[in-house]
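Participant: Just passing along the structure, written as structure tokens.
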Amino acid sequence: MDIIKTSFIKSFGIVPLVLLIAYFLDFFYYGFVFGYCLTIYILLHAKEFSKILDLDSIILFIFSVVYAIFYAFDPYSGMQFILVYALFPLVFYLLGKNIAKKAKGSEQLFNIILGLSVIYSTIALISVLLNIASGGFAQTERNIPLLWGSSGAATGTAAYLFANMCLPALLLFSFKKRKILINLILVTVYCLSILAVLRLGSRTQIVISGFTLFASLLFLFKVQSPTRNFITLLLVFFGLNAVLTTVNIDFDSDLLSAYADRMDSKSHGASTAGGRTERWEKSLEYMIKKPMGWKVDDFGYSHNLWLDTARGGTLLSFFFLCLFTIRSLIKALGIIRNHSTNIIFRNQVLVYTLAFMLQFFVEPILEGSVQLFLFYCLFQGAINQQKNNIVKGNNLIQ
């Protein structure tokens, strides 16, 4: 894949690329060290990175600093997170912009982001597969220790697999663009990721896989002929029929044991978004009653990126995060609608943006999956820079 091509590595730099990969792999939970190294790298190359600063980077930085300041009053996760919250979002945003600036066209950028996504999931995927190999699916404990030993929450572990859930939607457009061996590897990664998600009992990841595939199909129908649409519908029909006839969807089976009593539960079932709707309602009430934030002990996490931000960082950080999110969605929509951009990258922007938003909507991201938010910052930086490339006429469609 293009991510390992010498031309890109030489242009982007081997040092930041290695540090970025090391951060995503989070060796023995010391990934933050590599994050500090990336921060220092950008400071040492401040002149170069200052040229790609934009309004979104300023908004993101203000949000980060405000959130970090209020977190500092109650640093329950550790003092080091003050710097993580204050600096890392901007660092990863600028790295994403630099990746798009150095990439030779949107197709190469597609492959780079795809490669980083697979790398991001590696440790979690291996950890869950090893757990399945040793104990099978019928285990009482959903939380699984990662390779480094410490047991993490099942939802946090599953969050690392979110991009892998998008692989069918991505392959729908790009299957013919790469070698058969690479396609087989990606299909294998997806199948193994599905097994891992079933072991973790993550409903969110199943929803992400289904929604992104559906969105990608709708996008495909808009850009291809009626004949091809008919053929695609037939393939989808026969594919779904094959899956439904060969897979026994029985929540009492070992394969789906992690979902037992969770789908129909009155308090944590699908109808309440896993018990989150009540917390969302309370969070909205507390935003009015306590605009300066409230304690997590009041009723737990809000299980929503923006609402949890209001709790931990006040309405001020909530405002700047919402502003950054809205502007990001507008930029993503601009890429998706731009017909001069490579279609597989447009589809990737659609699929990943939807996946990020679905994940953000149901989890306490900054406190439970901060790496996921930083990945989003990197991804959004790449989108914004690519949009600038299009405006300047520098977009190379390969």
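Participant: Out of residues 5 or more away from residue 152 or on other chains, whose amide H comes under 5 Å of its own, with H placed 1.01 Å from N in the peptide plane?
Facilitator: 144, 146
Participant: Toward the positive end of the charge dipole of the chain, about the Cα centre and with charges on Cβ (Lys, Arg +1; Asp, Glu -1), which of 23, 36, 227 goes farthest?
Facilitator: Farthest along the dipole direction, towards plus: 227.
Participant: From the backbone phi of segment 161-167, what are the Karplus-calculated ³J(HN,Hα) couplings (6.51 cos²θ - 1.76 cosθ + 1.60, θ = phi - 60°) in whole Hz, Gly and Pro given as x?
Facilitator: Each residue of segment 161-167 in turn: 9, 4, 5, 5, 5, 8, 4 Hz.
Participant: Any idea what Rg and Dmax come out to for segment 321-398 if you just take the C-alpha atoms, in Å?
Facilitator: Rg, Dmax (Cα atoms, Å): 13.2, 40.
Participant: Please report 309, 39 as a ranked list, fewest other C-beta atoms within 10 angstrom at the top and most at the bottom.
Facilitator: In increasing order of surrounding Cβ atoms, one gets 39, 309.
Participant: Hey, another quick one. How large are Rg and Dmax for the chain when calculated on the C-alpha trace, in angstrom?
Facilitator: 21.0, 61
Participant: Oh, and also: Exposure proxy check: 298, 308, 54 ranked by fewest other beta carbons within 10 Å?
Facilitator: Placing the least packed residue first, the sequence is 298, 54, 308.
Participant: For each pair in 222/331; 101/222; 102/331; 179/387; 290/331; 51/177, compute the distance between the two Cα atoms and list the pairs where it is over 24 Å.
Facilitator: 101/222; 179/387; 290/331; 51/177
Participant: Using a simple spin-label model with points 7 Å from Cα along the Cα→Cβ vector, what separation in nm is obtained for residue 28 and residue 72?
Facilitator: Placing both labels 7 Å along Cα→Cβ, they lie 3.0 nm apart.
Participant: If you plug each phi of segment 281-289 into the Karplus form 6.51 cos²θ - 1.76 cosθ + 1.60 with θ = phi - 60°, what whole-Hz ³J(HN,Hα) values come out, in order, with x for Gly and Pro?
Facilitator: Result, rounded to whole Hz: 4, 5, 4, 5, 5, 5, 4, 7, 6.
Participant: When ranked by the protection proxy of mean other Cβ atoms within 10 Å per residue, highest first, what sequence do the peptides 112-125, 8-21, 68-81 form? Don't skip to the end; give the middle numbers.
Facilitator: Numbers: 112-125: 21.1, 8-21: 16.0, 68-81: 14.1.
Taking the mean over residues of other Cβ atoms within 10 Å, the ranking is 112-125, 8-21, 68-81.
Participant: Summing Lys, Arg as +1 and Asp, Glu as -1, what charge do residues with Cβ under 9 Å from the Cβ of residue 312 carry, residue 312 excluded?
Facilitator: With Lys, Arg at +1 and Asp, Glu at -1, the net is -2.
Participant: Something else: Residue 21 label point, 7 Å along Cα→Cβ, cut-off 15 Å on backbone N: hits in segment 123-144?
Facilitator: 123
Participant: Oh, and also: Arrange the following residues from fewest to most other Cβ atoms within 10 Å of their Cβ: 214, 237, 319, 379.
Facilitator: The order, fewest Cβ neighbours first, is 237, 214, 319, 379.
Participant: Which listed residue (167, 275, 294) has the Cα farthest towards the positive end of the charge dipole for the chain, taking +1 on Lys and Arg C-beta and -1 on Asp and Glu C-beta about the Cα centre?
Facilitator: Highest projection toward the positive end goes to 167.
Participant: Given Cβ point charges of +1 (Lys, Arg) and -1 (Asp, Glu) and nothing else, what value in debye, to the nearest 20, does the dipole of segment 2-391 about its Cα centre take? Walk me through the intermediate numbers first.
Facilitator: Details: 31 positive and 21 negative charges, 323 e Å.
Result for segment 2-391 is approximately 1560 debye, rounded to the nearest 20.
No lab work stands behind these numbers, since they all come straight from the coordinates. Treat the numbers as computed from the prediction; the structure is a model and nothing was measured. So basically every Cβ, Gly included, is an ideal-geometry build from the backbone, and we count neighbours across all protein chains shown.
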